[in-house]
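Take a look at the structure below.
The values are calculated or read from the model by the stated rules, or taken from the named source; none is laboratory data. Bear in mind that the values here come from a model prediction, so they are computed numbers and not experimental data. Positions of Cβ are generated from backbone atoms using ideal geometry, with glycine treated the same way; all protein chains shown enter the neighbour counts. Keep in mind that these areas ignore ligands, DNA and RNA; they rest on the heavy atoms of the full protein, side chains included. Shrake-Rupley method; radii C 1.70, N 1.55, O 1.52, S 1.80 Å.
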Amino acid sequence: LGDVYKRQIEEEAQGQIAKDDLLLRVHISKQSVFKGEPLLATFKLYRRVAIVGYEDIKFPSFNGFWTQDIDVSNAMWQRETLNGKVYESTVVKECLLYPQQAGTLVIEPATITAIAQVIVQSRRNIDPFFGGGHEVYNLRRKLQTPRVNITVKELPAGAPALSLIHISEPTRRRG
């Protein structure tokens with residue numbers, strides 16, 4: 001009887017999280033670039049339920065691109081509307097991508113398993129005053145971005161090659 005009850009509660013908990021309550025999306029600044037021209041890839045997590053942790057985080061290897069990661073360790077959750085629904089969103093990874101060859105380059109999917117916390121009304125006959133009445137479940141939901149194709153064009157004949165510039169120190173003005 002205990003296993004049947006537990007399955008019913010878990011199914012009820014799963015039912016509290018809609019398919020679009022947790023989303024992982026990639027936003028690409030440009031779909032078509034010249035060889036060596038940078039584009040920005042931003043991976044964002046969208047939530048409409050409480051998240052208590054993450055597992056199995058895998059980002060693409062960005063084959064065909066030189067990659068420069070951007071620090072997002074201080075990214076905050078913010079309200080954002082996506083497809084007409086209000087979410088809390090945060091940037092989980094952001095990088096500049098420099099295509100190293102012409103043709104169609106593919107950004108493979110990123111995946112994250114988010115652990116959502118759901119509170120379910122208990123069916124047990126326990127007095128709520130003594131901690132009964134609700135049960136908390138941590139539900140795992142695997143999230144994945146779509147595969148993205150980037151069209152990379154050769155530089156026009158006679159055009160100077162785009163070069164990678166890395167600034168290690170801020171420019172100082174002389175007064």
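Net charge around TRP77, counting only other residues with Cβ within less than 14 Å of its Cβ (Lys, Arg = +1; Asp, Glu = -1)?
Details: positive: LYS44, ARG47, ARG48, ARG79; negative: GLU80, GLU88.
Around TRP77, the charge tally is +2.
Using the structure shown, select from LYS19/LYS93; LYS35/LYS58; LYS58/LYS153; LYS93/LYS142; LYS30/LYS142; LYS35/LYS93 the pairs with a Cα to Cα distance greater than 20 angstrom.
Beyond 20 Å: LYS19/LYS93; LYS35/LYS58; LYS58/LYS153; LYS30/LYS142; LYS35/LYS93.
Once both labels are modelled 7 Å past Cα along the beta-carbon direction, what's the LYS58-ASN74 spacing in nm?
Distance between label points: 3.3 nm.
So with the 1.4 Å probe, I'd like the accessible area per residue for the range 19-112, rounded to whole Å².
Details: 5020 Å² over 94 residues.
The answer is 53 Å² per residue.
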